[in-house]
Amino acid sequence: MKNIKKLAAAAVSFALAAASASCTPAIGGGTRNALTIDGVDVPAGMYIFYTLQAYNDAVSTLTGDDGTAPELKDVKTAHIDNIDAEDWIQNKAEEYCRAIISVEKEFDAMGGELTQEELDQAEQTAAYYYNQNSLYEENGVSIETVERIARNSYMEQEVFKHYYGFDSEFGCSEDELKDYFDDNFARVKYISISLNDDEGNALDDDEVRNRRKKAEEYVKRINAKSGEMDKMWEMDKCSDEYNEYLESLKPETESEDAEGTDTDSDVSFNLDGLEEAVTTTAAEETTTTTTETTTTDPYANERLVQKTTTTEAADIQVGEVTTTAEESDSDKDSRNFSDYVFGKLKLNNAEIYEYNDSTIYVILRGDLRERMTEDDYWSEDYITQIQQLRYYEDYVELLEDKANSLSGERNQSAFKRYAPFKLVLEDKSATT
């Protein structure tokens, strides 16, 4: 399940470089604490942890459009947001420290207490990443510091529930959240029918007519059924038949090699994938081949499709030249599909949809509310994920405002001693 981790917890990406042979002097008395935030001392180890994270952020920011990351020497001399890279990294590290202290204060103020399971999981997570990245030890970061940061992740989730749970200060009612879910997601089944061959070449006119005829026959068969579940079952049967037809067109050896494999569909939807994480990124879907449709799970071949917002051309500033980024053909196809599903496709009525010049779909949309039950799409985990999806940006802004409102004072001796480019920042062994 995806957790809200934009600030304190999100910063704990643990995506630091591997170990180096160098060492940083142990944290000493006058520099034991790097910051004091609203009366709370921030240990130098935590500040160093987030300095390493901020350095990674700087590298990511400076990475070119071709994916080429800058070398350490280039980062040292770089300017980000019109300030020296060193100052930028230190400012970013302080922001991360502010965020984690802010979450701890919010958690304490609401009387929060982590469960033993959460404490154990935080300890295990910290131990795993600490052992994976010896840069922590190389730079004087203790395992206890990483454990504290890992615990903050669970605190942040509880703070989210406090502010955005049902009927909380900024949250909504259960009925309102169901409306949001129903408005922004659709459960569909579909059959992808390509009008191209396996090499991407257009099929001859006779085969195109044949495949369109099959699509029309499938729609008639599905709509002839009376209930939603019967239509869903019939969609599965038609899908199996179509896959068997495709297999029959292949040479015998090719068909044997392909048996038991999956075939990529021709479309990328803006899918939710709530079983794993609520996302807004496009994900490729797959269709099954000759494997028989299960008779025990009527939802096995369903997909959750997330509504795609209208995409407008964006202006991108490169130096002194402004260019307009046009919407790609694939993005336009996905947006048009979303508009169709949420604006035109009726519930429980199979239709043919012309996705693009090379693909058509037989598609059926079911009633999402039928699956909003406590053991299905309305379990506690689903509810939390949908709340996070709805209020994610608001929550990030809330945390930022609270973190920025805290007073802070830097220990200049610590900032000088643990300046970014005095730390071990990259894996020297990887370059030898």
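Between residue 237 and residue 32, how high is the FRET efficiency from 1/(1 + (r/R0)^6) when r is the Cβ-Cβ distance and R₀ = 60 Å? Nearest 0.05. Step by step, r from the Cβ atoms, then E = 0.30.
Checking the cross-link pairs 332/402; 161/225; 250/344; 161/307; 161/344; 237/346 against a 32 Å limit on the alpha carbon distance flags 332/402; 161/225; 250/344; 161/344 as lying beyond it. In sequence order, the range 216-228 has phi-based couplings of 5, 5, 4, 4, 5, 5, 5, 6, 6, 6, 8, x, 4 Hz under the Karplus curve 6.51 cos²θ - 1.76 cosθ + 1.60, θ = phi - 60°, and Gly or Pro positions carry x.
Annotation for residue 212 and residue 79: the two label points, set 7 Å from Cα along the Cα-Cβ direction, are 6.0 nm apart. Here the calculated FRET efficiency for residue 297 and residue 205, from their Cβ-Cβ distance with R0 = 35 Å, stands at 0.35, rounded to the nearest 0.05.
Read-outs throughout are calculated quantities, based only on the coordinates presented, and are distinct from any laboratory measurement. Predicted model only: the values in this text are computed from it and were never measured. So basically every Cβ, Gly included, is an ideal-geometry build from the backbone, and we count neighbours across all protein chains shown.
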